[in-house]
1. Hey, what angle do you get for helix 151-164 against the long axis of the chain, alpha-carbon based, 0 to 90 degrees rounded to 10?
2. How do Lys224, Lys235, Lys138 rank when sorted from fewest to most other Cβ atoms within 10 Å of their own Cβ?
3. Estimate the FRET efficiency between His217 and Asp179 by the formula 1/(1 + (r/R0)^6), using the beta-carbon distance for r and 30 Å for R0, to the nearest 0.05.
4. Over the chain, what is the mean sequence separation of C-alpha contacts under 8 Å (at least six apart), divided by residue count, expressed as relative contact order in percent?
5. Would you mind ranking Val90, Val185 by Cβ crowding within 10 Å, fewest neighbours first?
6. Considering only Val32, Val206, Ala245, whose Cα is most displaced toward the positive end of the charge dipole of the chain, charges sitting on Cβ of Lys, Arg (+1) and Asp, Glu (-1)?
7. Could you check the spin-label model distance between Leu114 and Ser7? Points 7 Å from the Cα along Cα→Cβ, value in nm.
8. Taking every DSSP beta bridge that has both residues in the chain, what percent is antiparallel when rounded to the nearest 5?
Amino acid sequence: MYRLTFSGDEDLLDVVLPLLPAGVHADGDDFVAFSGAPFPPAVLQATGGAVDEVPADWRHRQVGSGVVISGVVSIRAPFERASGAPIDVVVERRGSAFGSGSHPTTQMCVALLLELEPGGGVADLGCGVGTLAIVAAKLGWAPVVGVDRVPVAIEVARENVERNGVQVDVAVADLAVDDVPLAEVLLVNAPPPVHERVAGALTEQVRHVIVSGIVSHEVEDVVKRYGERGFKVAKALGTEDEWIALRLSC
Ligand SMILES: C[S@@+](CC[C@H](N)C(=O)[O-])C[C@H]1O[C@@H](n2cnc3c(N)ncnc32)[C@H](O)[C@@H]1O
C-alpha cells in the first residue's frame with residue numbers, strides 16, 4: 001500500500017482527483033491519498049508529493065481527524081479518526097464533487113450557522129456532497145434540502161446523508177434556470193451568479209442567508225443584490241486569501 005502526501009489548492013484537486021479513485025483526505029494543511037498500486041506518474045508530477053509505503057491494514061492508514069469548527073462540529077472523511085467533537089459529520093468526496101469540509105468557505109458557513117438557534121428549515125443551494133446540509137440536520141434544523149447541478153455530487157450526497165443517518169432531501173438542479181428551493185435559512189456557498197439568482201427569488205419565508213463562495217472584490221455586488229431584497233449584513237468572516245462568508249438577515 002502506498003501513501004502520497006501533498007499540498008495544493010482546489011484547482012490541483014480538480015486535476016488529480018479523477019486519477020485517484022480512492023479519493024483524497026485532508027490532513028492538516030496537507031492532502032493524503034492511498035493506492036494499492038504505484039501512483040501514476042501524472043499524479044506524482046502534478047502534486048510534487050512524497051510517497052511512502054504503509055501497511056495494508058486500514059487501522060494503520062488512518063490519517064488526521066478532519067476539521068473541527070468552533071469546537072462543536074467535526075467534518076471528516078470515513079477513514080479519519082473521530083475528533084470527539086459533539087457533532088460528528090462523516091463525508092466522502094468523489095470525482096470533481098466539492099465538500100470535504102477542508103475548504104475555508106465551508107468552515108465559515110458552519111461557523112455562521114452555529115450562531116443561529118435551530119428552528120425551521122434549511123436549504124443548501126450548491127450543496128456539493130451535502131456537507132453543510134448534513135451539518136444543519138445534525139444541529140436540529142428541519143426540514144433540510146440541498147440541490148446541486150452536478151449529478152455525481154448529488155449521488156455522493158445521498159450516500160453521505162445515509163452514512164450520517166439524517167433526513168435531508170437532495171436533488172439535481174441548476175440554480176441558473178431551475179426553481180430556487182427556499183427555507184428559513186439558506187446556505188449559499190456558491191459563485192456570484194448563483195447569489196444573483198437566489199437574491200431574486202427571496203420571499204418573506206427566508207430569515208437568514210449564509211453567503212460564501214465569494215472573494216473580497218465580489219462582496220459589494222453580492223451584498224447589494226441581497227440588500228435590494230431587504231437583507232443586511234449581520235456578520236462577516238474572511239480568510240487571509242480573501243474568501244468571504246457573510247450572514248445576511250432581514
Ligand atoms: C464551493 S462549492 C460548495 C459546496 C458545499 N455547499 C460545501 O460548502 O461544501 C459550490 C457548489 O455550487 C455548485 N453550483 C455552482 N453553480 C451552480 C448552479 N448554477 N446550480 C447548482 N449548483 C451550482 C457547484 O457544483 C458546487 O458543488
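No value in this document is a laboratory result; all are computed from the given coordinates. Because the structure is a prediction, the values reported are computed rather than measured. Here the Cβ positions follow ideal geometry from the backbone for every residue, glycine too, while neighbour counts run over all protein chains shown.
1. That helix lies at roughly 80 degrees to the long axis.
2. With the sparsest Cβ surroundings first, the list reads Lys224, Lys235, Lys138.
3. About 0.50, to the nearest 0.05.
4. 13
5. Neighbour counts put them in this order, fewest first: Val90, Val185.
6. Value computed over the given set: Val206.
7. Taking the two extended label points, one gets 2.5 nm.
8. Antiparallel bridges make up about 55 percent of those DSSP assigns within the chain.
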